[in-house]
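Have a look at the structure below, then the notes.
What follows is calculated from the coordinates using simple rules that are stated; it is not laboratory data. Computed from a predicted model, the values in this text were never measured in an experiment. We place every Cβ from the backbone using ideal geometry, glycine too, and count neighbours over all the protein chains shown.
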């Protein structure tokens, strides 16, 4: 069921999205203050009016490197902002625990290139409910005329217009990957009708969304009995467009305490600023974003004040962007969520 609220004259509708129940995008920018941590050394808080210079310190970080300090981002005049403040000690201590747990579990690998932001099947034009159910149940058969082991090399056009050669999966392997996770049964549909039989496969191209924009990739176009239009499935070989595997919370990390806001997505990286989406409830107050920097990673998230007990509130999960200003460009450091300890990759939603 859809829900809506009015925020300062802005009508916001809650819509179901992938993976996290109801979410609503509220276009509110938060301007956090950066914190940096050198190894396991002290945290240096920004001085009032800081523009990114190093604040005075009482000692060095344990690895001998000078702790750095960030400054709040400047936003255009007229932008709506939420209150921002230095991260409280509880956030800093949690960030230390997160960094230690992530290192103990092993730093995740950064994606090597653009990753797919959609399913492997890019065009499914079913004509009956039985066909939809058969696909969802994975009841798909390759006909005898389909080359089961044919592989080759094609090309992929990246969003910036450049092309590069890529290996192509066989029709069988491409279809098997597209059906991964297919579950369920035929839900009362006769077995003779709950079946898709593929009759032919032709190598073509398809446009797909990626973390870098829309890319044109090789794809298999399958004809099927009873379908007027083909089923189109991405054909790129394993590792070309693979999204990062879902990351579980590091085993050594304790649960997050109430009042911590997770960073559900890394939306933008620009110089010394990064933008993340903070998750929170509709009645949470005093939301602010924070970043704690380490030499090998940056822990991000937010804090908020939960509603008072007994407060009537809609069951919404909201996402609010916050712009974090780092002491130095992100570089090859990982961005880690304060709540889960999971990595956040540019443009990839939390799984």
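Quick rundown of the values:
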{"quantity": "Counting all C-alpha pairs of the stretch 164-203, share separated by more than 13 Å (%)", "calculated": "69"}
{"quantity": "Ranked list, fewest to most other Cβ atoms within 10 Å of each Cβ, for 166, 299", "calculated": "166, 299"}
{"quantity": "P(r), alpha carbons of the stretch 284-333 - 5 Å bins starting at zero, rounded %", "calculated": "5, 15, 23, 17, 13, 11, 8, 6, 3, 0"}
{"quantity": "Neighbour-count order for 175, 312, fewest beta carbons within 10 angstrom listed first", "calculated": "312, 175"}
{"quantity": "Dimensionless Rg over Rh [the stretch 121-234; C-alpha; Kirkwood]", "calculated": "1.01"}
{"quantity": "Ranked list, fewest to most other Cβ atoms within 10 Å of each Cβ, for 266, 107, 117", "calculated": "107, 117, 266"}
{"quantity": "Centroid-to-centroid separation of the stretch 170-249 and the stretch 292-331 [C-alpha atoms, Å]", "calculated": "36"}
